[in-house]
Structures are given as structure tokens and as C-alpha cells.
Amino acid sequence: MSGSDASRPRLPFLTQDRGRDAHCWAPTGSPEAVARPLPPGPVIDKNYRFKDENGAEVGLTDLFGKHDALVTYFWMYGPQRERPCPMCTNWLGAVNGNAADIKQRVALKILGRSPVERQLAFAAERGWQDLDFVQTVGDDYANDLGLINEDGSEDPALVVFKRDGDKIRLFWASEMRKEMADPGQDPRDAPDIASLWSILDLTPAGRGTDWYPKLSY
């Protein structure tokens, strides 16, 4: 059977799906209502402090560099961990492959509670060359985002900030918590926007329930 023959029985279903999707996503109301901009995010007033790869202490505004948008990923590699979280590692491996392109448009920083030298050592071990690692000074940033659990473990967070004149605003943040996840799976946002899950979600068996990425195989 040719490829076109094999796909023919599925075409009616694909057509139905496309029609349904077009109905679900069709804009309603006037063009002005559809194009109405979102309200600006809250201003970040707190003076969060970080250490860059050179060991210099910097503020949140310094992480923007020349850009007006800053994408940050807080990964689970605190000082209490011997090795980083495997899923965070998997996600960062994929981001590293796109980081040079991403940084043409926005600033991209990877935040961790471990000393920046420790983060850089692991990055070198993995061969990551295009990720910029930053150490959080103190735990104000992590605590304000609710990323440190009662047992001392951490949660990851993907957060986007926007420069607005001399102010910094929160533009977007992942908000899906563990308790909102499907049974036996990670929450479907950071770090699950990883290509690992996106590809496995296309397969017959999906993600499975007896497997999770490792730091080595």
C-alpha cells in the first residue's frame, strides 16, 4: 500500500479535527477586542541578587543585557543535591541546542542555588556551550516563587520578565503545580515543554509509567 493509500482512511478524521480546531480557535467579537493587548504584568520591586559566571554580583536588570525580554529557567541543582535533576538536565540539553538562536532575540539565563562554578562544571561535563548560568544569592527569589519545598527539595520554574522603561515587569510564568499533573506524569508545562515529552506524546505508548530520563545510560 502506498503512503497516499495508507493515509486515505484517516483523512475524514483529520478533516473533522481541523474543522473542530478551527471552530474552537475562531476569534469572537470585533477585531479590536481580539487584538486587545494584555494588561502589563506586576512590577518587580524586590532587589533580587545574583552571581554571574564571573562571580560578580548583579541585579535582575543586569541579566537583560541589551534585550528588553529575559527568559529565566530555575533548575533543580541546589547545594543539597549531589547531581542535578535528570529532567531539568534533559530540558537544558535541548535548550542548549537552540540557545544561540534564542539569544539573538531575548536574554536567556539559567538560575540555580548552587555556586555558579558548580553549575558551570556540570555544563562543561555535558558539553553545553551556549547556556549562561547564574547563581541566586540567598533564597528570596526561590522562596517568592514557591520553589523550595518543606523538605528542602526544589521545583523548577520557567519565568519571563519584560523591561518597561526603568521598570521590570513579570510577563509570563509557569503556574502548573505537581498537584495539577496527570497521574504518574510531570505537570505539562516547564519542564514538560521539552522535546523529549513532545516526541514521546506522538507515539502509541506515549510517555509510559515505568521510565524516566537519567543523567547517563
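Quick notes
- Met87 vs. criteria among the aliphatic types (A, V, I, L, M), closer than 30 Å to Tyr212 by Cα and at pLDDT below 95: yes
- Unique residue being more than 18 Å from Cys85 (Cβ to Cβ) and at pLDDT 95 or above when the list is Glu179, Glu125, Glu175, Glu117: Glu117
- Taken across region 106-121, residues that are under 22 Å from Trp197 (Cα atoms) and of a type in the set (Gly, Ala, Ser) do not occur at all.
- Of the residues making up region 55-79, those that are within 16 Å of Asp132 (Cβ to Cβ), of a type in the set (Gly, Ala, Ser) and either touching a Lys or Arg at 6+ places or on another chain (Cβ under 8 Å) or assigned to a strand (DSSP E or B) (or both) are Gly59, Ala69.
- On inspection, Glu53 passes the criterion of being touching a helix residue (DSSP H, G or I) at 6+ places or on another chain (Cβ under 7 Å) and among the acidic types (Asp, Glu).
- Scanning region 104-115 for residues that are over 11 Å from Tyr77 (Cβ atoms) and either under 14 Å from the mean Cα position of the chain (by Cα) or of a type in the set (A, V, I, L, M, F, W, C) (or both) gives Val106, Ala107, Leu108, Lys109.
- Residues of region 118-141 that are of a type in the set (D, E, K, R) and over 18 Å from Tyr48 (Cα atoms): Arg118, Glu125, Arg126, Asp130.
- Of everything listed in (1) over 30 Å from Ser198 (Cα atoms); (2) in a loop (DSSP other than H, G, I, E, B), the single unmet condition for Leu38 is (1).
The values are calculated or read from the model by the stated rules, or taken from the named source; none is laboratory data. None of these values were measured; they are calculated from a predicted model. Cβ sites come from the backbone with ideal geometry, for glycine too, and all protein chains shown count toward neighbours.
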